[in-house]
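Participant: Quick one: this structure, given as C-alpha cells, is what I'll be asking you about.
The values are calculated or read from the model by the stated rules, or taken from the named source; none is laboratory data. If you're wondering where the values come from, they're calculated on a predicted model, not measured in any experiment. Reconstructed Cβ throughout: ideal geometry from the backbone, glycine too, with neighbour counts over all protein chains shown. Heavy atoms of the whole protein, side chains included, go into the accessibility calculation; ligands, DNA and RNA do not. Shrake-Rupley method; radii C 1.70, N 1.55, O 1.52, S 1.80 Å.
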Amino acid sequence: NLLTAGVHYSSTFNGSGLATGIAAATLKWISENKATIYPTLYARGEILKTQMNQVFENFDLPWRMVGNSTRPIIIDTEPERFNQWRDGMFARGFYVMAHPWYVTMSHTEEVIRKTVEANHDTCKELVK
C-alpha cells in the first residue's frame, strides 16, 4: 500500500471501544444539557477572572486575567516575579502554565474559591 509502506502508525486511543463509548456519551450529555452547561461555564469563568483580578489589584500587582470567560489567560508584565508567583501557586497545589486556563464543569464554586485563596496567599507572600 502506497499510503502506509514504510510508515509506522500508532495512536493511544486508536480503535478503543471504551474511549469511543466515553466520547459518545460525553457528546450526548453535552447535547442534552447545553442550555445549562454553557451559561454555567461562562458564569464560573467570570467569577474566576473577577476574583483573581481583585486579588492582583489589592496587592498592587500588575497582572490581569483577561480573555474569554471559559479560557482566560493571565497577562504577566514582570516575568521573573510572575514565575515566583507561579512557584507559589504550585506550592499550594495549583499548576499554572503560560497558556489559557480552561474552565470546565469540574471547576465548581468551591474549586474557584480555593484557587482565589491560593492566589491571595501567594500574592501576600510576594509583596512581603
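Participant: So what is the relative contact order of the chain, in percent, for Cα pairs below 8 Å that sit 6 or more residues apart?
Facilitator: Averaging sequence separation for qualifying contacts and normalising by length gives 24 percent for the chain.
Participant: To the nearest 0.05, what FRET efficiency results for PHE90 and ALA43 with a Förster distance of 35 Å applied to their C-beta separation? Present the calculation step by step, with values, prior to reporting the outcome.
Facilitator: Numbers: r = 27 Å, r/R0 = 0.78.
Efficiency at R0 = 35 Å is approximately 0.80.
Participant: Leaving out ligands, DNA and RNA, what percent of the accessible area of the chain is carbon and sulfur, probe 1.4 Å?
Facilitator: Details: 5000 of 8770 Å².
With neighbouring chains kept in place, the figure for the chain is 57 percent.
Participant: Placing unit charges on C-beta atoms (Lys and Arg positive, Asp and Glu negative, everything else neutral), compute the dipole magnitude of the chain about its Cα centre in debye, rounded to 20.
Facilitator: Values: 13 positive and 13 negative charges, 63 e Å.
Using only the charged Cβ atoms, the result is roughly 300 debye.
Participant: So, one more: For the chain, with the dipole built from +1 on Lys and Arg beta-carbon atoms and -1 on Asp and Glu ones, taken about the Cα centre, which of SER31, VAL55, PRO79 lies farthest toward the positive end?
Facilitator: My answer, from the dipole projection, is SER31.
Participant: Give me the accessible area per residue for the chain, probe 1.4 Å, as a whole number in Å².
Facilitator: On the way: 8770 Å² over 128 residues.
Spelled out: the 1.4 Å probe surface of the chain, per residue, equals 69 Å².
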